[in-house]
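Please read the structure below before turning to the comments.
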Amino acid sequence: MATDFSKNAEERPEPCTADVKGNIPSWLQGTLLRNGPGIFTVGDTSYDHWFDGMALMHSFNFKDGEVTHRSRFLRSDTYKANMAANRIVVSEMGTMAYPDPSKNFIVKAITFLNHTVPDFTDNGASNFIKYGNDYYATSETNYIRKIDPVTLETQDKVDYMKFLPVNMASSHPHYDKEGNAYNIGTSIAEKGKTKYMLFKVPAVSEKDKDKNVPALKNVEVVCTVPCRSLLTPSYYHSFGMTENYFILIEQPFKLDILKMATAYMRGVNWASCLKFCPEEKTLIHLIDRKTGKEIETKYYTGAMVVYHHVNAYEDDGHVLFDVIAYNNSSLYDMFYLSKLKKNPGFHDDSYSKPNYRRFVLPIHSDPGIAVGEDLVKLKYTTASAVKEKEGKLMCQAEVLCEGFELPRINYGINGKRHQFVYGNCVEESALSKQIAKLDTETKKMVYWSEDNCWPSEPVFIPRPNGEAEDDGVVLTSVINTNPGQSCFILILDARTFKEIARAYVKAELNKDVHGFFIPQGSE
């Protein structure tokens, strides 16, 4: 049974108790939020790309063995404008919105001018971010929307540009034990320079505790890294962080700023201004978190496209980082709705299967080492970093597995050496019919799947005071296309990857992107 990924979803804002089969552990208390596109057609207009759809947020609240579900559309300015006009009037990455043909010349001229320097959408349909004590729905533009994590009501619109000069920002920040958030944004042609900006949003201080001020007010720029080319910054979706370092991959998948400025006039979408340059190397930046300075060694690898970092850690003078990497940029094209409609469970010959790659960066490169020598001294990986002329290191990754995406770990060991990763299997296509647990040491995988079921990104929740890395549960929301059956939230024992419970919800679930778990008491 196929599922229609371009069908408009319905929101269910009132909490509804799910029908639980099995036993949910008594310690599992909190809320899983999930976010993704939910509206694809407004009036007679439709989005061209799945990622462009207007955000629908889901919440699954776990309390004393019960699950309560609700969902709500993000009431962004984008949503309000589109709904008021009964047509798509705000452009997204894969869909340009043009004025109604009946509008007069002046309106069209103003619309045209407004698109030369794009004012991006606030349709945060990718993920959730926690800054201070506040939760935000986010995509990758300079706008994020504060939400109430309990009711899913939309609150303030926040513009990064009011706090630091970034035109785009990642939707995958990192968090430390103290509650500080770290993120990265791109600053386009600010004072004639285009650069990447790593910033820290501090945890809420005592003096701000009772004030209603955004945590971004206290943002600190940790470091800036100049782009290799002024008008074509690299696209990134996430970055790596260890105890002492940040890892930024400057890949040859770039946004052409000049093309973006003329895209509207040329009648093409902004996504067409992204360009993959397979002849170029990927540059890896290793940045010292304490000094904010880049390590002098220049690290390179072949051309690749990375969306998701898995984890990074340090070991004996090396920084290791794991990513899900593609050989080209075809993944985005897989999600044009024309492709999804044509072949909903599709296998497409142009699909480039990702692989799980481990890179190793020797932190110090001794000038006395000969050209051609491998500087990686760790015995448990086949990754290499070979010295080239001018002291550059050419890095080759170890491939741990293939056809694996949306990786999640036990975030309690983020930045430290990990053994287990949970993710979606995408062997045949970008749409996943099964999830898996990967043991990075033995390279073995265990799977969960069920006929006519489409699981979302799996999220690991640790058992309080659990001792082992995989002591906890894995949660995934499942679209169920079996006739007469409901969609459900699945609870797996993370150690065995066996089902311990499922909660059938009284609503249709839609394909989403990312999830965020809020332990009870953190709301």
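Screening SER238, SER229 for residues that are within 25 Å of LEU274 (Cβ to Cβ), in a loop (DSSP other than H, G, I, E, B) and free of Cβ contacts under 8 Å to residues at least 40 places away in the same chain leaves exactly one candidate, SER229.
Answer yes or no: is there a residue in segment 256-271 that is more than 21 Å from GLU220 (Cα to Cα), modelled with pLDDT of 95 or more and buried (at least 20 other Cβ atoms within 10 Å of the Cβ). No, segment 256-271 has no match at all. Selection of segment 149-167 for residues being within 24 Å of GLY515 (Cβ to Cβ), in contact with a Ser or Thr (Cβ under 8 Å, 6 or more places away or on another chain) and open to solvent by 40 Å² or more (accessible area, probe 1.4 Å) yields VAL150, LYS157. Looking only at segment 153-204, filter to residues that are outside any strand (DSSP E or B) and polar (S, T, N, Q); which one of those is farthest from LEU74 (Cα to Cα)? Among residues in segment 153-204 that are outside any strand (DSSP E or B) and polar (S, T, N, Q), the one farthest from LEU74 (Cα to Cα) is ASN180. Being open to solvent by less than 10 Å² (accessible area, probe 1.4 Å), in a loop (DSSP other than H, G, I, E, B) and at pLDDT below 95: is that true of SER522 here? Here the answer is no, as SER522 does not meet what is asked. Residues that are touching a residue at least 60 places away in the same chain (Cβ under 8 Å) number at least 3 in the following strands (runs of 3 or more DSSP E) confined to segment 363-405: 393-396.
Only one entry in GLU190, GLU178 is open to solvent by 20 Å² or more (accessible area, probe 1.4 Å) and more than 15 Å from LEU230 (Cβ to Cβ), namely GLU178. When the residues of segment 390-411 are filtered to those that are of a type in the set (D, E, K, R) and at negative phi, the one that is surrounded by the most Cβ atoms within 10 Å (Cβ to Cβ) is ARG408. Selection within segment 45-84: residues that are of a type outside the set (Lys, Arg) and without any contact (Cβ under 8 Å) to a residue 24 or more places away in the chain. The member of this set that is least open to solvent (accessible area, probe 1.4 Å) is ALA81.
Selection of segment 193-214 for residues being farther than 16 Å from ASN142 by Cβ, at pLDDT below 95 and open to solvent by 30 Å² or more (accessible area, probe 1.4 Å) yields LYS193, ALA203, VAL204, SER205, GLU206, LYS207, LYS209, ASP210, LYS211, ASN212, VAL213.
When residues in segment 23-44 are screened for being under 26 Å from GLY124 (Cα atoms), open to solvent by less than 10 Å² (accessible area, probe 1.4 Å) and not in a strand (DSSP E or B), 1 of them pass. Residues that are among the charged types (D, E, K, R), over 21 Å from the mean Cα position of the chain (by Cα) and either part of a strand (DSSP E or B) or surrounded by 22 or more Cβ atoms within 10 Å (Cβ to Cβ) (or both) within segment 416-464 comprise just one, ASP439. Restricting attention to segment 290-328, the residues that are out of contact with any Lys or Arg (no Cβ under 8 Å at 6 or more places or on another chain), within 18 Å of VAL399 (Cβ to Cβ) and surrounded by fewer than 18 Cβ atoms within 10 Å (Cβ to Cβ) total 2.
The values are calculated or read from the model by the stated rules, or taken from the named source; none is laboratory data. All figures in this text were calculated on a predicted structure; none of them were measured in a lab. Cβ sites come from the backbone with ideal geometry, for glycine too, and all protein chains shown count toward neighbours. Quick note on the areas: whole protein, heavy atoms, side chains included, nothing else; ligands and nucleic acids left out. Shrake-Rupley method; radii C 1.70, N 1.55, O 1.52, S 1.80 Å.
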